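This report concerns only the one structure given below.
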Amino acid sequence: MKRTFWILASIAAVAAVRALRAQTPPPYRNPKLAVEQRVEDLLSRMTPQEKAEMLAGGGWMESRPNQRLGIPAIKMADGPMGVRNWAGSSAVTNARATKPVTSTAFPAGIAMASGWDPELAEREGRAIAQEVKALGRDMILGPTVNINRVPLWGRNFEGYGEDPYLAARMGVAYIRGVQAEGVIPSVKHFAANNQEFERHRIDEAVSARALHEIYFPAFRAAVQEAGVWAVMSAYNKLNGRWCAENAALLSDTLKKRWGFQGFVISDWGSTYSTAGTINAGMDLEMPGGEPMRAWMQRAETRQDGNGAGWLEADKVMAAIAAGEVRQAAVDDAVRRMLRVMFTAGLFDRPHVAGGEVDTPERQAVARTAATQGMVLLKNANGALPLDGDQIRSLAVIGPNAAVARNGGGGSSLVRSNYAVTPLAGIEERAAPQVKVRYALGVAMEGSQAGDAAARQTARDEAVALARQSDAAVVVAGYAPQLESEGFDRKSMDLPEGQDELIRAVAEANPRTVVVVVAGAPVTMTGWIDRVPAVLYAWYGGQEAGHAIGDLLFGAANPSGKLPVTFPKEWKDSPAYGHYPGEDLHVAYSEGIYVGYRGFDQRNVEPLFPFGHGLSYTTFEYSGLAITPARMEAGKTVTVTMKLRNTGSRAGAEVVQLYVHQTHASTDRPPKELKAFRRVALAAGESQTVKFTLGTDALSFYSEARQDWVAEPGRFEVLAGASSRDIRLQGAFELGR
Ligand code: BGC
């Protein structure tokens, strides 16, 4: 009896211990353990099949979850200028959504870059990430850091302009902001995604030097400075291979050379093989599941050249069985994804939808960014700011005046709860002294413009209004149906009828100010000499109208500077003649001479140079000092100078520091941006501005050495208000 009792008691005890162990959460569930420990623990519990299942998405905007182990899906949202509306072409993102998802629309990347304010870009990143979380998502598909190589690229507005250093500063800041909120960014599109024309098939020949000096730096900085958690590969082929299966790019450069620890995600429908893609270093193929299959059934998808469905589990398992893919490669992909998921807190703090979007704080960030990002290109005879004491009536004219253009077209377009039109913003600032009246002038190309007689009437009305008013503002530019992801602009010119409208209005009223809403330069040669002032507004997000009103009336002082050269004509661009390629091949023959590097080298005068932007006040640069005069290899030099606001109102100046090596074993651009600072000064105030230049700022990429090289010799330092308005100059020696 006693014995039976003890036997039963021990059986019960063993069962209890087992039950307890079964209940004890496995180590990977313990948030107190180190990320790597959790990753390895979870990985060791996964079957090969389960691992293979993680390599392809589970839906349009989600990775595949694993119920048995409790691995959540990574829920994504398009960006980068805010969270993209889900009721558009990516309705599958959120099939149950009955109404469109709205969120704060921030200014386009090109406008952010025009603010030259990384601290603000970081705040923007944070604000966007907060909205991602509030909507129950985990990842934002941005920032876009591709270089503006060609003024016609349909996606120029998404990126940060033509200079690799500026793009790197902005991208790093945005990523830091996003990651600080525990949201996964995805810096895109790696690499050299610089045209929409044949974006799925085009094969680009780009030299190693141009890649490392121009097209890579923003990605490298994202990895090495911001420790970015995810990188999206590009659609195009680079030097013969699709980016998604380009080992030189993903494995050798990103992972081995730069030490990237996160995961690579494909662009949507950019894969064409199983073993080649995995072995090259692709970790997650998107999209996946049923939505991917349905999409790939569509004739247009195939016509476009998309490829997808190659990293589905059965294909991955078959490739392993055939010895084409090593299990270790699959493990590495899963490890990278898990690492990011643990780091971002996805296992411990799931994001739940239903949070607040479009808060006043985020609207304020959007407004500040829009205001800082607009660039005053021309201001003759103090035409701006408009003075309410002198002007009693104002004609506001043009196809972009009474509509808000949050952004260009495609996956980055945000649908906001509200958006302030330029007309509304101007009216708000003009009241009560100035009477504002509106006329369309010309319909946006591609919209219902009516017959020739109706068009003539619209133009005549606008001209008559301008004639009867004390001043006129023409709000011209592009629209998402004409400037978008998916196709390039057909020319650099303003859409149909707008040049003529500007000329006619300017003739009727000499106080005609032009505001351009667009994502890239437009040709202005037909009217630039006939108008006293031009404000480039870019796509400014939902607060753009307020920013335009504030800047035109002087409630805010313009401080934006161009992140891209404005050519007089498209044929002046260094990429002209090397775009869009022939027979699906394009050679980047201009090499490193992209943007101002090319204008400087060929001595071509731009309409407005890189870095240009006016203010309502003036700044004086003085006292450039460089110490030491001889820099030891591996050390730094300090550059100081004084900046003074010599005008009568507060303002901000972006001081730009360019470097030039006078003699080198290879050709070097006449100047390259290596530092900048946005400095806000009250009227009469001055400040010492200090920069540090290290070896990075002096190096070039040597194809022979396959590495960065800083050659000893003389370096000039040029401090300027633009790349063609150098105010101070000095030099130092780099020793051996
Ligand atoms: C774009 C990406 C975008 C993705 C998902 C692609 O067509 O190139 O930038 O994130 O779609 O919408």
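Hey, what does the equivalent ellipsoid look like for region 619-734, semi-axes from the Cα gyration tensor as sqrt of 5 times each eigenvalue, largest first, whole Å? List each step's numbers first, then the result.
Values: eigenvalues 177, 36, 24 Å².
They are 30, 13, 11 Å, listed largest first.
Using the Cα atoms as the points, what is the convex hull volume per residue of region 360-564 in Å³?
Numbers: hull volume 24.5 nm³, N = 205.
So the per-residue hull volume is 120 Å³.
In terms of the ratio Rg/(2.2 N^0.38 Å) built on C-alpha atoms, what value belongs to region 567-672? Let's see the in-between values first.
Working: Rg = 18.7 Å, N = 106, 2.2 N^0.38 = 12.9 Å.
Compared with the compact-globule rule of thumb, region 567-672 sits at 1.44.
Among 450, 540, 273, pick out the residue whose Cα is farthest towards the positive end of the charge dipole of the chain, where Lys and Arg carry +1 and Asp and Glu carry -1 on C-beta, about the Cα centre.
273
Pull up all non-local amide H partners of residue 587: gap of 5 or more, or a different chain, and H-to-H distance under 5 Å with H placed in the peptide plane.
205
Along each of the three principal axes of the Cα atoms of region 449-547, give the extent in whole Å, ordering the values from largest to smallest.
Largest first, region 449-547 extends 41, 33, 27 Å along its Cα principal axes.
With each label point set 7 Å from Cα along the Cα-Cβ vector, what nm distance links residue 32 and residue 632?
4.8
What's the extension gain from residue 331 to residue 298 if we count 0.36 nm per residue and subtract their Cα-Cα distance? Before the final figure, lay out the partial values.
Details: separation 33, 0.36 × 33 = 11.88 nm, distance 3.30 nm.
Full extension of this stretch gives 8.6 nm more.
Determine the gain in length on full extension of the stretch residue 318-residue 352; use 0.36 nm per residue of separation and subtract their C-alpha separation, reporting nm with one decimal. Please report the intermediate quantities before stating the final value.
On the way: separation 34, 0.36 × 34 = 12.24 nm, distance 3.70 nm.
In short, 8.5 nm is gained.
From the backbone phi of region 366-380, what are the Karplus-calculated ³J(HN,Hα) couplings (6.51 cos²θ - 1.76 cosθ + 1.60, θ = phi - 60°) in whole Hz, Gly and Pro given as x?
Values, residue by residue: 4, 5, 4, 5, 5, 5, 5, x, 7, 10, 7, 7, 9, 7, 7 Hz.
Quick check on packing: order 38-44, 423-429 by the mean number of other C-beta atoms within 10 Å, highest mean leading. Could the numbers behind the result be given before it?
Values: 38-44: 18.1, 423-429: 22.1.
Highest mean packing first, the order is 423-429, 38-44.
Can you tell me, using C-alpha contacts under 8 Å and at least 6 residues apart, the relative contact order of region 513-652 as a whole percent?
Numbers: 190 pairs, mean separation 29.9, N = 140.
About 21 percent, as a whole number.
What are the semi-axes of the equivalent ellipsoid for region 501-618, taken as the square roots of 5 times the Cα gyration tensor eigenvalues, largest first, in whole Å? Write out the running numbers ahead of the final one.
Values: eigenvalues 183, 56, 43 Å².
Equivalent-ellipsoid dimensions as semi-axes: 30, 17, 15 Å.
Assuming R0 = 60 Å, can you tell me the calculated FRET efficiency for the pair residue 490 and residue 24, based on Cβ-Cβ distance, to the nearest 0.05? Walk me through the numbers before you get to the answer.
Details: r = 64 Å, r/R0 = 1.07.
About 0.40, to the nearest 0.05.
When you count, for each residue, the other Cβ atoms within 10 Å and take the mean per peptide, how do 306-315, 50-59 rank with the highest first?
Packing proxy ranking, top to bottom: 50-59, 306-315.
Using a Förster radius of 60 Å, what is the FRET efficiency between residue 640 and residue 418 based on their Cβ-Cβ separation? Nearest 0.05, please.
Working: r = 45 Å, r/R0 = 0.76.
Between residue 640 and residue 418 the formula returns 0.85.
Among 455, 597, 367, what's the order by accessible area (1.4 angstrom probe), most exposed first? Show your work: numbers first, answer last.
Numbers: 455 110, 597 5, 367 70 Å².
In descending accessible area the options line up as 455, 367, 597.
For residue 380 paired with residue 461, estimate the spin-label separation in nm (one decimal), with each label point 7 Å from Cα along the Cα-to-Cβ line.
3.0
For the pair residue 663 and residue 582, how long in nm is the line joining their label points, each one 7 Å along Cα→Cβ?
4.2
So for each of 375-385, 176-186 I average, over its residues, the number of other beta carbons within 10 Å; can you give me the resulting order with the highest mean first?
On the way: 375-385: 18.5, 176-186: 23.7.
Highest to lowest by the protection proxy: 176-186, 375-385.
Helix-derived [θ] at 222 nm for the chain: sum -39500 (n - 2.57) over DSSP H runs of at least 4, divide by residue count, nearest 500? Show your work: numbers first, answer last.
Numbers: 18 runs with 203 residues, N = 736.
Here the helix-only value at 222 nm equals -8500 deg cm²/dmol.
For the chain, take the longest principal axis of its alpha carbons; what is the angle in degrees between that and the long axis of helix 2-23, to the nearest 10 within 0 to 90?
Approximately 20 degrees, to the nearest 10.
Report the extension gain between residue 507 and residue 725 in nm, rounded to one decimal, defined as 0.36 nm multiplied by the number of residues separating them, less their alpha carbon distance.
75.4 nm
Long-range amide H contacts for residue 308: which residues qualify at under 5 Å (H placed 1.01 Å from N, peptide plane, sequence gap of 5 or more or a different chain)?
Amide H neighbours of residue 308, under 5 Å, 5+ apart: 271.
Return the long-range amide H neighbours of residue 78 (sequence gap of 5 or more, or a different chain), with a cut-off of under 5 Å between placed amide H atoms.
84, 141
Using the scaling law 2.2 N^0.38 Å as the reference, what is the normalised Cα Rg of the chain?
Details: Rg = 27.7 Å, N = 736, 2.2 N^0.38 = 27.0 Å.
So the Cα radius of gyration is 1.02 times the expected 2.2 N^0.38 Å.
Does anything in region 66-81 have its amide N under 12 Å from the 7 Å Cα→Cβ label point of residue 261, and if so which residues?
None, by backbone N distance to the label point.
Compute the FRET efficiency between residue 205 and residue 680 as 1/(1 + (r/R0)^6), taking r as their Cβ-Cβ distance and R0 = 41 Å, and round to the nearest 0.05. Display every interim value, and only then the final one.
Details: r = 44 Å, r/R0 = 1.08.
The computed FRET efficiency comes out at 0.40.
So if I take the alpha carbon set of region 277-422, get Rg, then get Rh from the Kirkwood formula, what is the Rg over Rh ratio? List each step's numbers first, then the result.
Details: Rg = 25.4 Å, Rh = 21.7 Å.
Result: Rg/Rh = 1.17.
Considering only DSSP beta bridges whose two residues both sit in the chain, what percent are antiparallel, to the nearest 5? Could you put the intermediate results ahead of the total?
Working: 56 of 96 bridges.
Given both bridge residues lie in the chain, the antiparallel proportion sits at roughly 60 percent.
Can you tell me the dipole magnitude for region 192-303 around its Cα centre, using point charges on the Cβ only (Lys, Arg +1; Asp, Glu -1), in Debye to the nearest 20?
Working: 12 positive and 13 negative charges, 36 e Å.
Dipole magnitude for region 192-303 comes out near 180 debye.
How high is the relative contact order of region 619-734, in percent, counting Cα pairs under 8 Å that sit 6 or more residues apart?
Values: 262 pairs, mean separation 36.8, N = 116.
This gives 32 percent for region 619-734.
Tell me which of 207, 235, 247 sits at the most positive position along the dipole axis of region 184-256, charges placed on C-beta atoms (Lys, Arg +1; Asp, Glu -1).
247
Largest first and in whole Å, give the semi-axes of region 684-736's equivalent ellipsoid, each being the square root of 5 times a Cα gyration tensor eigenvalue. Spell out each step's value before the answer.
Values: eigenvalues 159, 31, 24 Å².
Taking √(5λ) for each Cα gyration eigenvalue gives 28, 12, 11 Å.
What accessible area, in Å² to the nearest ten, does a 1.4 Å probe give for residue 616?
Counting only protein heavy atoms, residue 616 exposes about 40 Å² to solvent.
Assigning unit charges at the beta carbon (Lys, Arg +1; Asp, Glu -1) and nothing else, what dipole magnitude in debye, to the nearest 20, does the chain show about its Cα centre? Each step should come with its number before you reach the end.
Numbers: 80 positive and 80 negative charges, 460 e Å.
It comes to approximately 2200 debye.
With 10 Å bins from zero, work out the P(r) of region 155-290 over every alpha carbon pair and list the percent per bin.
Final binned percentages: 13, 46, 36, 6, 0.
Pick out, from 469, 27, 150, the residue whose Cα sits farthest towards the positive end of the charge dipole of the chain, with +1 on the Cβ of Lys and Arg and -1 on the Cβ of Asp and Glu.
Result: 27, furthest along the dipole toward the positive end.
Under a 1.4 angstrom probe, counting protein chains only, how are 271, 636 ranked by accessible area, largest first? Numbers along the way, then the final one.
Numbers: 271 0, 636 70 Å².
Output order, biggest surface exposure first: 636, 271.
Residue by residue through region 288-303, what is 3J(HN,Hα) from phi via Karplus (6.51 cos²θ - 1.76 cosθ + 1.60, θ = phi - 60°)? Round to whole Hz and write x for glycine and proline.
Per-residue couplings from phi come out as x, x, 4, x, 5, 4, 4, 5, 5, 5, 6, 4, 4, 4, 6, 4 Hz.
Applying the Karplus parametrisation 6.51 cos²θ - 1.76 cosθ + 1.60 with θ = phi - 60° to the phi angles of region 122-131, what ³J(HN,Hα) value in whole Hz is obtained for each residue in order, glycine and proline being reported as x?
In residue order, the calculated couplings are 5, 4, 5, x, 5, 4, 5, 4, 4, 6 Hz.
The values are calculated or read from the model by the stated rules, or taken from the named source; none is laboratory data. Worth saying up front: this structure is predicted, and the values here are computed from it rather than measured. Every residue, glycine among them, receives a Cβ derived from its backbone with ideal geometry; neighbour counts consider all protein chains shown. Note: accessible area is taken over every heavy atom of the protein model, side chains too, but ligands, DNA and RNA are not part of it. Shrake-Rupley method; radii C 1.70, N 1.55, O 1.52, S 1.80 Å.
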